[in-house]
Each structure stands twice: as structure tokens, then as C-alpha cells.
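*Asks:* One structure, pasted below without further comment.
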């Protein structure tokens with residue numbers, strides 16, 4: 001057997017990471033959230049120690065997901081049929097991912113809460129006196145935009161399928177409205193969690209692809225912010 005050099009070992013490791021990303025839905029979700037968190041870290045100019053903590057939390061989540069994937073593949077290879085011990089092995093591995101994800105959420109909350117709260121207060125001081133009907137107008141604008149784009153693409157209906165995701169657009173439009181109107185970063189964080197749950201349900205049911213949902217979310221955020229900015233003029 002030919003001896004393997006270090007380059008081959010690195011190539012195999014990278015191939016394993018790529019395969020996990022391509023084959024595992026949760027891995028895609030972890031990477032998307034990691035990119036958002038890293039962008040936020042740059043935006044809020046986190047300190048060196050805070051950035052290191054963010055990288056450690058992200059690394060733990062991705063490592064746990066990859067180990068979980070490896071365990072699932074090995075168990076499926078050994079036991080093609082149902083086996084109670086195989087179920088325990090998979091559940092324990094999935095539990096490790098859950099623990100690492102909760103740890104990452106706690107780290108993110110501790111590091112970003114004060115910064116987001118200060119940013120929210122600076123925005124709220126300018127727009128909190130706006131009439132409530134701006135929120136309704138924002139949702140109407142997002143709804144119309146989604147309908148127009150779906151008609152252009154000739155795919156899906158407003159409530160099911162197609163580009164972009166209408167549920168994603170409205171969920172993140174509401175999240176943006178709450179963020180701009182509320183005076184508490186915790187409320188904003190909870191509203192984002194609800195919006196992400198909407199995305200997950202649409203992805204889990206197979207109605208939308210990740211791309212369609214991300215585009216919908218971006219569309220909802222941008223149009224809502226524009227509506228509030230125009231109302232300030």
C-alpha cells in the first residue's frame with residue numbers, strides 16, 4: 001500500500017467537509033448562520049477575545065455536526081435495519097450537536113446583546129414615533145413585490161413554492177418592523193428566532209430551496225427598511 005503524504009491527508013479532510021456540506025441540510029444552515037454572525041462581528045467591531053470566542057463557538061457547532069454525520073453513516077452501514085442501539089447512537093450524536101448549538105447561541109447573546117441594544121436605541125430614537133400604519137404599508141409592499149416577482153418567474157403561488165419565498169419575505173419584514181419599532185434587543189432577537197423558525201418549516205417541508213428563502217428574507221428586510229426611510233422624509 002502506497003504511503004500517503006500530508007497533502008493527500010489534507011485533500012481527504014477537505015473533501016469530507018465538502019461532502020458534509022453538500023449532503024447535510026443542517027450543515028448548510030450552520031454555515032449560513034456562521035456567515036451572518038461573522039458579518040455582525042465585523043459590523044460591531046468585536047474585540048480580539050470576542051472574535052476568538054465567536055470562532056470557537058462556530059467551530060464546535062460545525063465539528064459536532066460533522067461527527068454526527070460520520071456516526072450516522074457508520075451506523076447505517078453496520079445496521080441497515082432498525083436497531084435500538086443504533087437509534088441511541090444517532091440520538092446521542094444529535095444531542096451533541098444540540099448542546100454545541102445552544103452554547104453558540106449563549107455566546108452570541110452575551111457578546112452581541114449590549115451592542116445590538118445600543119444600535120436599536122439609536123434607531124428607535126428617530127423612528128419610534130412613526131404611525132403604526134407604516135408597518136402595514138411595509139407588509140403590503142413586500143406582498144406585492146413577491147407576487148410580481150413570482151408572476152415574472154411563472155413559478156409557484158404566493159402561498160406555496162416559487163422564487164422568492166413569500167413566507168420568508170413576510171416573516172423577515174415583520175422581524176424588521178419589530179426591530180425598528182421596539183426598544184429592546186431581546187424582543188428583536190425573539191422575533192428573529194420566530195422568523196428563522198418560519199424559514200426552517202418551509203425548508204423542512206420541501207416547499208422552498210435555501211436560495212429561495214434567503215432571497216425572500218433579503219427582499220423583506222430591504223423593502224421594509226426602505227418603507228421606514230421613505231416615511232421619515
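*Asks:* Once the cut-off is 17 Å, how many percent of the Cα-Cα pairs in region 1-114 end up in the long-distance tail?
*Replies:* Values: 4056 of 6441 pairs.
Cα-Cα pairs of region 1-114 separated by over 17 Å account for 63 percent.
*Asks:* Which of the peptides 20-31, 57-68 is most tightly packed, and how do the rest follow, judged by the mean count of other Cβ atoms within 10 Å per residue?
*Replies:* Per-residue mean Cβ counts within 10 Å order the peptides as 57-68, 20-31.
Readers should treat all values here as calculations from the given coordinates under stated rules, not as data from a laboratory. Keep in mind that this is a model prediction, so the values were computed, not measured. We place every Cβ from the backbone using ideal geometry, glycine too, and count neighbours over all the protein chains shown.
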